[in-house]
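The structure that follows is given in the form of structure tokens.
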Amino acid sequence: MTKEKILIIGACGQIGVELTLALRKIHGGSKVLAADLREENELLKGTGPYVSLDVMNKEMLHVLVLRQNITQIYLLAAILSATGEKNPSLAWSLNMQSLLNVLDISREEKITKVYWPSSIAVFGPSSPKENCPQQTVIEPSTVYGISKFAGEFWCNYYHQRYGIDVRSLRYPGLISYKSDPGGGTTDYAVEIFQDAIAENKYVSYLKEDTYLPMMYMPDAIRATIELMEAPPSQITVRTSYNISGMSFSPREIAVEISRYRPGFQIEYVPDSRQAIADSWPSSIDDSRARADWNWKPEFDLSRMTKHMLDNMTLSHS
Ligand code: NAD
Ligand code: SER
């Protein structure tokens, strides 16, 4: 039986639901405490404990960590890129203060491991577009990207100064069917499936040739768990690791979907999210993650599309 007691903050979000379920499978339901501002997600009900928590309330978080004998924290609460541009100060405040609260409490209470995700949004227009390297020019142009870049260096600082074993991945856009995405620029790659099934058409807010780095959720969950389970000696990046799954444009994913949904129509009506997408790389070099802890994605565009449609069609029938 595992000795760890894991707290997942933001457990009802797009990643949180699937990560909570995966960690409960490994450690046992009672060992993984799900926490969120929102009501408990339907898929989590009956699989383990749930608490209502505002991560901005440091005292409440501290009491929870002590009372529940928490040993590991996964912090997933954040405001994503598109929503962040609508309220920059709120995005900065949540994304930064939540991390500082978790890092401070982890230092005081000797939490053994912390996980906090960064994003491809750390990169900006001056970063290389193709195969963007781990270390390069990083000048983010969104408040979300700025908060992720600053957060990476707070993680590195707490590791260097206080020895906290904090680990991080720069996720690409994540594609999933179990829980909805929460206000990012890459959300179109989930909406396109939902609209394909409901109406066999989609209006894309990104131009047809906008290539972005993407990853299917099963790969993202596996990457997170593999990173967290790797021996500390294998972790050479304490800011955040580049990881890559696939790269495609709205036109390419539409062509792939139309293989299974004949007559599928797509229209392109770009909005303010186009500028955010244009500021990001179109593909990512993840050779450091591959070398350090053997990262390797399993899903490409074709396999992911079939898997998404099979599972979404099943849940609609
Ligand atoms: P999401 O928006 O789907 O989920 C975030 C969850 O945090 C929500 O359930 C929300 O209710 C909760 N939350 C918000 N404020 C809170 C607070 N004050 N206290 C407690 N809970 C609060 O986000 P996600 O897509 O699951 O992303 C999780 C993490 O991964 C974020 O840090 C995000 O930046 C990062 N990330 C996500 C993607 C992606 O494509 N989904 C890509 C790169 C990085
Ligand atoms: N999927 C996220 C977003 O678009 C990337 O971090 O905001």
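Taking K and R as +1 and D and E as -1, what net charge do the other residues with C-beta under 12 Å from the C-beta of N131 add up to?
Here the charged neighbours net out to -2.
Loop-only check: which GluC sites (Glu not before Pro) in the range 178-255 are DSSP coil with at most 16 other Cβ within 10 angstrom?
Those satisfying the criteria are E208.
Moving to a separate point now. Can you give me the angle between helix 217-229 and the longest principal axis of the chain, using Cα atoms only, in degrees from 0 to 90, rounded to the nearest 10?
30
By how many nm would the segment from E267 to Q135 lengthen if fully extended, with 0.36 nm per residue of separation less the alpha-carbon distance?
Gain in length upon complete extension: 43.9 nm.
Measure nothing fancy, just the Cα-based angle from helix 14-27's long axis to the longest principal axis of the chain, in degrees from 0 to 90, nearest 10.
With both axes taken from Cα atoms, the answer is about 50 degrees.
Would you mind checking the tilt of helix 88-109 against the longest principal axis of the Cα atoms of the chain, expressed as 0 to 90 degrees and rounded to 10?
The angle comes out near 40 degrees.
Listed highest first by mean packing, meaning other Cβ atoms within 10 Å per residue, what order do 299-309, 264-274, 78-88 come in?
Descending packing order for the listed peptides: 78-88, 299-309, 264-274.
May I ask for the equivalent-ellipsoid semi-axes of the range 162-317, computed as the square root of five times each C-alpha gyration tensor eigenvalue and listed largest first in whole Å?
31, 17, 13
Continuing with this model, one more query. How many percent of DSSP beta bridges within the chain run antiparallel, rounded to 5?
Counting only bridges with both partners in the chain, antiparallel ones make up about 10 percent.
Under 37 °C and 0.692 mPa s, how fast does the range 95-216 diffuse according to Stokes-Einstein, given a Kirkwood radius computed over C-alpha pairs? Answer in µm²/s, whole number.
My calculation gives 200 µm²/s for D.
Per residue of the chain, what 222 nm ellipticity follows from adding -39500 (n - 2.57) for every DSSP H run with n ≥ 4, rounded to the nearest 500?
-13500 deg cm²/dmol
In Å, what is the Rg of the alpha-carbon atoms in the chain, and how long is Dmax?
Final numbers for Rg and Dmax: 18.9, 58 Å.
With respect to the cross-link table entries K31/K110; K31/K296; K86/K148, which display a Cα-Cα separation exceeding 26 Å?
K31/K296
Read-outs: derived from the displayed coordinates by stated rules, not from any lab. Quick caveat: nothing in here was measured; it's all calculated off a predicted structure. Methodologically, a virtual Cβ is constructed for each residue, glycine included, from the backbone with ideal geometry; neighbour enumeration extends over all protein chains shown.
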